[in-house]
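These notes are about the structure you will find just below.
The values are calculated or read from the model by the stated rules, or taken from the named source; none is laboratory data. Everything numeric here is computed off the predicted structure, so don't read it as measured data. Positions of Cβ are generated from backbone atoms using ideal geometry, with glycine treated the same way; all protein chains shown enter the neighbour counts.
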Amino acid sequence: MVQVSIVIPAKNEAGNILRLLDGIDAACAGRAEYEVIVVDDASTDGMGDLVRARMQSHPNLRLLRHDVSGGQSAGVHSGVLAAKGAVVCTLDGDGQNPPEELPKLFAPLLAPGSEAVGIVAGQRVGRQDTMSKKMASRFANNLRSWALNDGTRDTGCGLKGFRRDAFLRLPFFNHMHRYLPALFARDGWQVAHVDVSHRPRGEGRSNYNNLQRGLVGAVDLLGVMWLLRRRKKSRPAEVSKG
């Protein structure tokens, strides 16, 4: 039985995906019963063909393909919908999230007595990005932390582990992956954080620039603030006949 589903939203990462999959197998073998789901976000570089060829020798590897590019949150959502595990872990397809960090994410969710924890969020230390990207991320995280009071210093990190059923009860919107700690807390779940390492990007280039992130982030932040204020506060309890 699959315990953990590892979801990788990826677009045009042909130069990185096989090395990443090797790292996942090395990190997770013997730690849990796991599957790996690559969500190909309409790649044009042959990445899907590489994954499909690997599937012949890796029965726990699955491939989903979007007919049109939907972005990272759409990729995560598609992967979670298809996942067989009760716990889902995510990481980026560019190789910057070291796969050896994955056990830090799923072990706390599989441990006895952890039922109240909904998400384990990775927080990058020693980021291997350009100065402009780090400065933009720091500004966005500080603004988000002030507005949402979510106790998370780095929601842009792709390394996250969470309960599948809880995720699917969240309201879906594009770019929601950056607000998962706040959304889980909104639904009454405990949020745990772990420090994770970070690597320079492998081959290829990012699909988003700082301006794009900033513009959509400003709109999304207002939307999430609205969602937090409009959360359901009542909780039902079934009453027995006796």
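Quick look at the numbers
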quantity	calculated
Considering residues of the stretch 177-188 that are farther than 24 Å from LEU20 by Cα and surrounded by 21 or more Cβ atoms within 10 Å (Cβ to Cβ) only, the residue modelled with the highest pLDDT	PHE184
Tally of residues being part of a helix (DSSP H, G or I) and touching a strand residue (DSSP E or B) at 6+ places or on another chain (Cβ under 7 Å) across the stretch 180-197	4
Residue list for the stretch 58-72, filter: free of Cβ contacts under 8 Å to residues at least 60 places away in the same chain and in contact with a strand residue (DSSP E or B) (Cβ under 6 Å, 6 or more places away or on another chain)	ASN60, LEU61, ARG62, LEU63, LEU64, ARG65
Contacts under 6 angstrom Cβ, first residue in the stretch 35-57 being over 20 Å from SER5 (Cβ atoms) and surrounded by fewer than 24 Cβ atoms within 10 Å (Cβ to Cβ), partner at pLDDT 95 or above and basic (Lys, Arg), 6 or more apart	SER43/LYS11
Strands (runs of 3 or more DSSP E) contained entirely in the stretch 31-117, each with at least 3 residues that are among the β-branched types (Val, Ile, Thr)	34-40, 87-90
Test: residue in the stretch 6-20 that is surrounded by fewer than 20 Cβ atoms within 10 Å (Cβ to Cβ), of a type in the set (D, E, K, R) and touching a residue at least 40 places away in the same chain (Cβ under 8 Å)	yes
Flag for ALA166 being modelled with pLDDT of 95 or more, in a helix (DSSP H, G or I) and of a type in the set (Gly, Ala, Ser)	yes
Residue within the stretch 67-75 that is touching a Phe, Trp or Tyr at 6+ places or on another chain (Cβ under 9 Å) and under 25 Å from ALA192 (Cβ atoms) present	yes
Out of ARG19, ARG54, sole residue that is more than 15 Å from the chain's Cα centre (by Cα) and under 21 Å from LYS104 (Cβ atoms)	ARG19
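Listed here are the residues, each with its yes/no results for (1) buried (at least 22 other Cβ atoms within 10 Å of the Cβ); (2) at pLDDT below 95.
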{"residue": "VAL68", "(1), (2)": "no, no"}
{"residue": "ASP94", "(1), (2)": "yes, yes"}
{"residue": "GLU100", "(1), (2)": "no, no"}
{"residue": "PRO103", "(1), (2)": "no, no"}
{"residue": "ALA111", "(1), (2)": "no, no"}
{"residue": "ILE119", "(1), (2)": "yes, no"}
{"residue": "ASN141", "(1), (2)": "no, yes"}
{"residue": "ASN149", "(1), (2)": "no, yes"}
{"residue": "ASN174", "(1), (2)": "no, yes"}
